[in-house]
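A.B. asks: Mind having a look at this structure? Questions to follow.
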C-alpha cells in the first residue's frame, strides 16, 4: 500500500510553477523593501526592473527554467558589495525568502530545497 | 510562414522559431537580455496585427492594448509590421490655436493636429522649426476638434519653455511626434479606486486622465492630490474644486509643502499626505507624475501599502539640461 510509483515531479512543479513565482515575488519584494536591514540596497532603482530581477531569482530558486550565470550575479551586485553588502544582508534576504514561503503555506521540505538553491548564489552575490 | 516587416527589412519567419532569434539571425540589432520574458529589453510593437497572447504576458495592460509584445516570447502566427519602441510613425504638423496662462509660470498650450491617435496622459515630443524638441504630457482626452492641450512650465533657462511663453503665437506651426508612454486610463475596471498624485505641471497628464476616466463612466472613487511649494504652483484649482463639487466620487486635495500655511490647502507634501491618508492600496490603481524623486518614493510607498506594480503608472518629469 505504501508503494509510490508516480513519475518524479520537479521542485518547480511541486511549488506550483510560474504562478507560484508570481505570488511569491509579490510578497517577497514587499518584505525586502520594508526590511530596514537591507532596503537601502534596493533604493534608487527602477522598481519594475527590480521586481523582474527578483522574479528571475525566485524562478531559479524554485528550480524553474532559468539562464542563471554566476557572472551576471557578480556584475549586478559589485556596486552593492562596494557599499558594504555582506553575509548579514544575504542572511536577511534568505530570512525574507523563507518567511514568504511560510506565508504561502509551502511545506517545510520544499522550503528547505528552495533555500538550498538560493544559497548557491551567495558567493556570486557577495563577490567572493 | 508569416512575413515580418521591420523598417526596410522583410523576413519570412518560421512559426516554430522565436521572433527574436529570427531577427538576430538576420543581423538586425534588437536589444535583448534575459530571453525569458522578464526583463522586457526586447519590447517591440506590432503596427498592424495583434501579437500572439503569449508574447504579451507580463506587460502592462496599457502596453498590451497598443500591441506591444516581447520578441523573446513571440512565435509569430501571422504577418506583422513591427517596430522597436518609439521609433515608429511620422511626425505630424500642428497649429497653435490657443495660449492661456494658468499660473504665473504655467502656460496652457492648445494645438490642433489631425490624424493623431492618443490617450490623455501620454506624452508627445513637440518640435520647433529649428529642431529644438521637448516632451510634454497631453492634458486632455481626444476631442472631435482634434486639439491637444499641454501645460508648459517656464524653466529658468528653458529654451523651449521660454519660447512657448514669450515667442510662440496663435497660428504658428509646431511639429508633433506620435503619442508615447503607458501612463493613461483604460476603462477595463470602472469600479477600481484611483489615486493620482502630481507635483507642479505633473498635473497635466493627471488632469487628462481624470477627464478621460469620467467621460468613460468610471464609477470608482478618484482621489487627486496636487502639490507645490507655494500657491502659485497650483493651478486649475477653481476647475478642480468645481468638478469635486459636481462629481460625488471625485476628491481633490491641493497641497502646499512650503511656509507659511495658507487656508484652503492641505499642509505638507502631496505624496506623503496622499499615502498617509490611505491605509491599504490593495486593488487601487495609482498614477504618479512630476518630480522624479517624488515619483520614485511614491511608487515604493504605494507598493509597500499593497498596490500591485502593474497597477502603478508613473511618469517622472526629467528636466532636460540646457545646451
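A.B. asks: What's the angle, to the nearest 10 degrees (0 to 90), between helix B:292-304's Cα axis and the longest principal axis of chain B?
C.D. replies: The angle comes out at about 80 degrees.
A.B. asks: Which translational diffusion coefficient, to the nearest whole µm²/s, is obtained for chain B from the Stokes-Einstein equation, given a Kirkwood hydrodynamic radius over C-alpha pairs, 20 °C and 1.002 mPa s? Provide the component values of the computation, followed by the final result.
C.D. replies: Details: Rh = 21.1 Å.
For the chosen part, D equals 102 µm²/s.
A.B. asks: Sort B:101, A:122 so that the residue with the fewest other Cβ atoms within 10 Å of its own Cβ comes first and the one with the most comes last. Don't jump to the answer; show the numbers that get you there.
C.D. replies: Numbers: B:101 11, A:122 15.
Going from sparsest to densest Cβ surroundings: B:101, A:122.
A.B. asks: Tell me whether chain A comes out rounded, prolate or oblate; compute the Cα gyration tensor, take square roots of the eigenvalues as a ≥ b ≥ c, and use a/c under 1.5 as the rounded threshold. Mind showing how you got there, number by number?
C.D. replies: Details: a/c = 2.03, a/b = 1.78, b/c = 1.14.
The shape class here is prolate.
A.B. asks: Right, something else. Run the numbers on region B:92-176 and let me know its relative contact order in percent, using alpha-carbon pairs under 8 Å that are six or more apart.
C.D. replies: Values: 168 pairs, mean separation 31.3, N = 85.
Dividing the mean separation by the residue count of region B:92-176 yields 37 percent.
A.B. asks: Run a plain Debye calculation on region B:92-176 (Cα atoms as equal point scatterers, no solvent) and give log10 I(q)/I(0) at q = 0.17, 0.20 Å⁻¹, rounded to two decimals, same order as the q list.
C.D. replies: Those come out to -0.62, -0.88, one per q.
A.B. asks: Go ahead and run the numbers for FRET between residue A:119 and residue B:91, Cβ-Cβ distance against an R0 of 56 Å, rounding to 0.05.
C.D. replies: Numbers: r = 54 Å, r/R0 = 0.96.
With R0 = 56 Å, the Cβ-Cβ based efficiency is 0.55.
A.B. asks: Then there's this: Only Cα pairs under 8 Å and at least 6 apart count here; give the relative contact order of region B:3-83 as a rounded whole percent.
C.D. replies: Values: 147 pairs, mean separation 33.2, N = 81.
Relative contact order comes out at 41 percent.
A.B. asks: Convex hull over the alpha-carbon atoms of the protein assembly as shown: what's its volume per residue in Å³?
C.D. replies: Working: hull volume 88.8 nm³, N = 451.
Convex hull volume per residue, Cα atoms: 197 Å³.
A.B. asks: For helix B:237-246, what angle does its Cα long axis make with the longest principal axis of chain B, in degrees from 0 to 90 and rounded to 10?
C.D. replies: Compared with the principal axis, the helix lies near 80 degrees.
A.B. asks: Now for a separate question. How high is the FRET efficiency between residue B:132 and residue A:103 when r is their beta carbon distance and R₀ equals 45 Å, given to the nearest 0.05?
C.D. replies: Result of the calculation: an efficiency of 0.25.
A.B. asks: Neighbouring Cβ atoms within 10 Å as the yardstick, rank A:68, B:207, B:184 fewest first. Each step should come with its number before you reach the end.
C.D. replies: On the way: A:68 15, B:207 30, B:184 26.
Going from sparsest to densest Cβ surroundings: A:68, B:184, B:207.
A.B. asks: When a footprinting reagent is the concern and you count Cβ atoms within 10 Å, what order do A:111, B:38 take, fewest first? Can you show the working numbers first?
C.D. replies: Values: A:111 18, B:38 22.
Exposure proxy ranking, most exposed first: A:111, B:38.
A.B. asks: Can you list the residues of region B:26-58 with backbone N under 15 Å from a point 7 Å past the Cα of residue B:188, pointing along Cα to Cβ?
C.D. replies: B:51-58
A.B. asks: Let me ask something additional. For region B:247-299, what is the Kirkwood estimate of the hydrodynamic radius, computed as the reciprocal of the mean inverse distance between distinct Cα atoms, to one decimal in Å? Don't skip to the answer; put the middle values down first.
C.D. replies: Working: mean 1/r = 0.0792 Å⁻¹.
Mean inverse Cα-Cα distance, inverted, gives 12.6 Å.
A.B. asks: Same structure again: What percent of all Cα-Cα pairs in region A:56-128 falls into each 5 Å bin, going from 0 up to the bin containing the maximum distance?
C.D. replies: Taking every Cα pair in region A:56-128, the percentages come to 3, 16, 25, 24, 17, 10, 4, 0.
A.B. asks: Per DSSP helix of 4 or more residues, -39500 (n - 2.57); summed, then divided by the residues of chain A. What does that give at 222 nm, rounded to the nearest 500?
C.D. replies: -20500 deg cm²/dmol
A.B. asks: Any number yet on Rg/Rh for region B:3-83, C-alpha, Kirkwood?
C.D. replies: Numbers: Rg = 11.2 Å, Rh = 12.3 Å.
Result for region B:3-83 is an Rg/Rh of 0.91.
A.B. asks: What FRET efficiency, computed as 1/(1 + (r/R0)^6) with R0 = 45 Å and r the Cβ-Cβ distance, is obtained for residue A:94 and residue B:99, rounded to the nearest 0.05? Mind dumping the intermediate values first?
C.D. replies: Working: r = 59 Å, r/R0 = 1.31.
That gives a FRET efficiency of 0.15.
A.B. asks: Report relative contact order for chain B in percent, whole number only (criteria: Cα-Cα under 8 Å, sequence separation at least 6).
C.D. replies: Numbers: 695 pairs, mean separation 41.8, N = 323.
Relative contact order comes out at 13 percent.
No value in this document is a laboratory result; all are computed from the given coordinates. Bear in mind that the values here come from a model prediction, so they are computed numbers and not experimental data. Neighbour counts are summed over all protein chains in view; Cβ atoms, including those assigned to glycine, are modelled from backbone coordinates with ideal geometry.
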